[in-house]
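Shown next, in structure tokens, is the structure this report addresses.
Readers should treat all values here as calculations from the given coordinates under stated rules, not as data from a laboratory. Owing to the predicted nature of the structure, the values given are computational and were not obtained by experimental measurement. Because the Cβ atoms are built from the backbone with ideal geometry, glycine has one as well, and the counts that use them run over all protein chains shown.
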Amino acid sequence: MDNIVANIEAIRAQLNSGVQLVAVSKLKPCEDIMTAYNGGHRVFGENYVQEIKEKYEQLPKDIVWHFIGHLQTNKVKYIVPFVSCIQSIDTPKLLSEVNRMAQKHNRVVDCLLQFHIAEESTKFGFSLQEALDMLNAPEWKQYAHVRICGVMGMATFTDDKEQVTREFRTLKSYFSRLKAEYFAQAEYFKEISMGMTDDYLIAQQEGSTIVRIGSAIFGKRVYANK
Ligand SMILES: *Cc1c(COP(=O)(O)O)cnc(C)c1O
């Protein structure tokens, strides 16, 4: 698809200079990633462990991989050797396991805490209280191999722009609270990952620093019993 590079450029033109674009390439072939890569793009997001691992092995090593899907603790070991950022930390146990595996590989992995901000019950993520409970406990402060860089969330899949705006505002308020209470001295705690194909302009308006965009770059995905 020749449009891929043009799509990225069109999206970039709408984004403020500080906002990072993660191109979500899940279920898309390596050729599509290479098209974007040859157009100069380097940061890609994937949802499935097996798929990101295979793509990592086949593709250029200067690609920056973000894992954005639900991650089971027993699969952390497959992605920790190469992934730059895990955006979908949704339990204390998962954060602990990423730290443990990253230590084995002598790495520090950037992580975002995923919050449940949508109305749908199917989306993963911490509630504010669960995150506060984790951060109030002493364990995470010992983790030398993860760096908590901010928050991530997905809005409800709806045409109701006010609802989406409200949900992004909620995520931003969680970010601000965590920043003030736990990360005031941590200059790296600065990321708010929100905004996808249908809502990235609203997300940007509400303070997003990372948008994760798939279909608007690579076209619609076909889900074959995944
Ligand atoms: C698939 C996915 C995206 C990209 O979705 P589009 O609507 O295709 O832009 C972003 N974030 C997460 C967590 C995803 O699973």
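Structural remarks
- Cβ-Cβ FRET estimate between Lys77 and Arg166, R0 fixed at 30 Å, reported to 0.05: 0.20
- For the range 176-226 and the range 53-123, distance of Cα centres in Å: 15
- Length gained on full extension, Gln185 to Lys61: 41.4 nm, using 0.36 nm per residue less the C-alpha separation.
- Note on Asn106/Lys220: beta-carbon distance plugged into 1/(1 + (r/R0)^6) with R0 of 25 Å gives a FRET efficiency of 0.05.
- Cα shape, the chain, gyration tensor, a/c 1.5 rule: oblate
- Taking amide H positions as modeled 1.01 Å from N, with prolines and chain starts lacking one, the residues under 5 Å from Arg147 and 5 or more places away or on another chain are Val109, Asp110, Cys111.
- Maximal additional length on extending the Gln14-Arg147 stretch stands at 44.9 nm, based on 0.36 nm per residue less the C-alpha distance.
- Across the range 158-188, the residues whose backbone nitrogen lies under 15 Å from the label position 7 Å along the beta-carbon direction of Thr122 are 158.
- Pairs over the 27 Å Cα-Cα cut-off, from the set Lys141/Lys161; Lys55/Lys161; Lys104/Lys220; Lys53/Lys141; Lys61/Lys161; Lys77/Lys141: Lys141/Lys161; Lys55/Lys161; Lys104/Lys220; Lys53/Lys141; Lys61/Lys161.
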